[in-house]
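*Asks:* After the structure tokens below, expect a handful of questions from me.
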Amino acid sequence: MTRKLFGTDGVRGRANSYPMTAEMALRLGAAAGRYFRRDGSRAHRVVIGKDTRLSGYMIETALTAGFTSTGMNVLLLGPVPTPAVGLLTPSMRADVGVMISASHNPAEDNGIKFFGPDGFKLSDEAEAEIEALALGEIVPAQAANIGRAKRIDDGRFRYVERVKSSFPQGRTLDGLKVVIDCANGAAYRAAPEVLWELGADVVALGVAPDGANINAGVGSTAPEAAVARLREVGADVGICLDGDADRVILIDETGMVADGDQIMALFAARWAEEGRLKGSALATTVMSNLGLERYLAARDVGLHRTAVGDRYVVEAMRAHGLNLGGEQSGHIVMTDYATTGDGLIAGLQFLAEMVRTGQPASKLARNFETVPQLLRNVRYGAGQTPLERPAVQAAIAAGEAKLLGHGRLLIRKSGTEPLIRVMAEAEDEGLMRAVVDDIVGAVEAAV
């Protein structure tokens, strides 16, 4: 069935434009409430968190109305990271969790992500059922059974304590100067608190959200600000989160940036050495660099590739019994600690390795030589289907033929933005660029 609302990570779009309207948020809340209501004596509950976008107030209010209309009691967490919702949904015995966020997207966008009672993101099948309910007739609760809503004041505190518990017992961050860039997003209070309470000398930026500056020139998609600050203050390491803090990019003491592939390489190798890498394998997406695959193979660590999206990584992890996975973009999933990507926990695990080994960040964040990789995006308009155009298909076929045996090519629609992503990987950079240029040119001509 063609999905009209849900993409690779919930429902997402420009705020106050379909589908990210107050009306649709209300219908999605009512639909999810109807889907998750179960028989039994205890009250039905939903926890709702959000990031710092101005439109979060509107979406939060509409979702609350939708959920309460079907008899769900709503617990409002306020601004918290996405992984906090994953952790607090089962902890607070909720039937469903919701995060209002468009992650790394600009402030004008927003999104709605759903978590099941186990704290994991929903399957495609569950999302399809909720979508069908939202687009159809929703039976409301009887007047006497309408739900209640209340603010939860200690949600961030609960999350902070859970995150701190992931750091090795008996160790501290004393003596480490850490730059933490919170992207003016959901972790603007939690992340500096955690680092300071564990003993670090904290230099924070991206901690002054105003509703419109989330991800604007800061955070994991714009690490240049953190690099400059790190060099200015002489910090040992930089940690860059995105708007909802479910992804992380690291900066070593020289100002070099390490992506999710390098972070996963470190964790997988160390965990394998210690005998705690379940399944002796890592799950990651088709976007991860071939260099990571070679690095793991040399250490007898397997690799399971998935479609793009951290929830697909988690599905593969659960299917194969793994406890480590993630994406090149910085989603690092460690199910020993969290149910979804958690940029702060991943950053802490990296700092723990620095403390344990006494090595600088530069020694830990450069684990393999990357195979040259090029990614370009082409934006398309509403109703356009450029990948169905014969000229585009011919260009893709020609590119695949040129790279056969020399590299790989990946063409896909973004699940969160109206973009066609064109990625190629090859040792021959000239060939790689020529293939990408040809395909991008064909797509641009078709839009």
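*Asks:* Alpha carbon centre of the stretch 264-298 versus the stretch 63-83: separation in Å?
*Replies:* The stretch 264-298 and the stretch 63-83 have Cα centres spaced 37 Å from each other.
*Asks:* Once you have the Cα-Cα distance between ALA391 and ARG171, take 0.36 nm times their residue separation minus that, and quote the gain in nm to one decimal.
*Replies:* 73.3 nm
*Asks:* Roughly what percent of Cα-Cα pairs across the stretch 350-435 reach past 18 Å?
*Replies:* 58 percent
*Asks:* Taking the convex hull of the Cα atoms, report for the stretch 43-200 its projected area averaged over all directions, in nm².
*Replies:* 10.6 nm²
*Asks:* Still on this structure, I have one more. How far is it, in nm, from the label point at MET256 to the one at ALA144 when both lie 7 Å from their Cα along the line to the Cβ?
*Replies:* Calculated label separation equals 6.9 nm.
*Asks:* Would you work out the Kirkwood radius for the chain? I mean one over the mean of 1/r across all pairs of different Cα atoms, in Å. If you can, show how the numbers build up before the last one.
*Replies:* On the way: mean 1/r = 0.0444 Å⁻¹.
Final number for the Kirkwood radius of the chain is 22.5 Å.
*Asks:* With +1 on the Cβ of every Lys and Arg and -1 on the Cβ of every Asp and Glu, and nothing else charged, how large is the dipole of the chain about its Cα centre, in debye rounded to the nearest 20?
*Replies:* Taking the Cα centre of the chain as origin, the dipole is about 1080 debye.
*Asks:* Okay, moving on. Run through the stretch 319-426 and list the GluC sites (Glu not before Pro) located in a DSSP loop whose Cβ has at most 14 other Cβ atoms within 10 Å.
*Replies:* Counting only loop positions with at most 14 other Cβ atoms within 10 Å, the GluC sites (Glu not before Pro) in the stretch 319-426 are GLU369.
*Asks:* Under a point spin-label approximation (7 Å from Cα along Cα-to-Cβ), what is the GLU274-TYR18 distance to one decimal in nm?
*Replies:* If labels sit at GLU274 and TYR18, their model points lie 5.1 nm apart.
*Asks:* Further, regarding this structure: Dipole of the stretch 32-89 (Lys/Arg Cβ +1, Asp/Glu Cβ -1, origin at the Cα centre): which of LEU54, THR82, TYR35 lies farthest to the positive side?
*Replies:* The one lying farthest along the dipole's positive direction is TYR35.
*Asks:* Accessible area of the chain with a 1.4 Å probe: how many percent of it is carbon plus sulfur?
*Replies:* 50 percent
*Asks:* Now for a different question. Report, in deg cm²/dmol and to the nearest 500, the calculated mean residue ellipticity at 222 nm for the chain, where each DSSP H run with n ≥ 4 adds -39500 (n - 2.57) and the sum is divided by the residue count.
*Replies:* -11000 deg cm²/dmol
*Asks:* Sticking with this structure for a sec: Please give the contour-minus-distance gain from ARG379 to THR335: 0.36 nm per residue of separation, less the Cα-Cα distance, rounded to one decimal in nm.
*Replies:* Details: separation 44, 0.36 × 44 = 15.84 nm, distance 3.46 nm.
That works out to 12.4 nm of additional length.
*Asks:* Also, I was wondering about something else. Size of the dipole of the stretch 52-178 about the Cα centre, Lys and Arg at +1 and Asp and Glu at -1 on the beta carbon, nothing else charged, in debye to 20?
*Replies:* On the way: 13 positive and 15 negative charges, 162 e Å.
With only Lys, Arg, Asp and Glu charged at Cβ, the dipole is about 780 debye.
*Asks:* Once you have all Cα-Cα distances for the stretch 135-195, histogram them in 5 Å bins from zero and send the whole-percent values.
*Replies:* Result returned by the calculation: 3, 12, 15, 16, 13, 7, 7, 9, 7, 4, 4, 2.
*Asks:* Let me ask another. Using the heavy atoms of the protein chains alone and a 1.4 angstrom probe, what is the accessible area of the chain per residue in square angstrom? Kindly include the intermediate steps, with their values, before the conclusion.
*Replies:* Details: 17910 Å² over 447 residues.
Normalised by residue count, the accessible surface of the chain is 40 Å².
*Asks:* What is the spin-label model distance, in nm, from LEU135 to GLU224 if the labels are put 7 Å beyond Cα along the C-beta direction?
*Replies:* Between LEU135 and GLU224, the simple spin-label model gives 4.1 nm.
*Asks:* Now, a different point. Could you calculate the FRET efficiency of LYS4 with LEU404 from 1/(1 + (r/R0)^6), where r is the beta carbon distance between them and R0 is 35 Å, rounded to 0.05? Before the final figure, lay out each step's value.
*Replies:* Values: r = 37 Å, r/R0 = 1.04.
Result of the calculation: an efficiency of 0.45.
*Asks:* Residues of the stretch 320-356 with the amide nitrogen closer than 13 Å to a label point 7 Å from the Cα of ASP118, along Cα-to-Cβ, please.
*Replies:* In the stretch 320-356, the label zone of ASP118 (backbone N under 13 Å from the point 7 Å along Cα→Cβ) covers 320-322, 339-340.
*Asks:* Rounded to whole Å, give me the distance from the Cα center of the stretch 144-160 to that of the stretch 187-243.
*Replies:* Their Cα centres are 28 Å away from one another.
*Asks:* Can you find, among MET256, VAL308, SER280, the residue farthest towards the positive end of the dipole of the stretch 244-312? Put +1 on the C-beta of Lys and Arg, -1 on that of Asp and Glu.
*Replies:* SER280
The values are calculated or read from the model by the stated rules, or taken from the named source; none is laboratory data. It should be emphasised that the depicted structure is a prediction, and the values quoted were computed from it without experimental measurement. In this analysis, Cβ positions are derived from the backbone assuming ideal geometry, glycine residues included, and neighbour counts consider all displayed protein chains. Quick note on the areas: whole protein, heavy atoms, side chains included, nothing else; ligands and nucleic acids left out. Shrake-Rupley method; radii C 1.70, N 1.55, O 1.52, S 1.80 Å.
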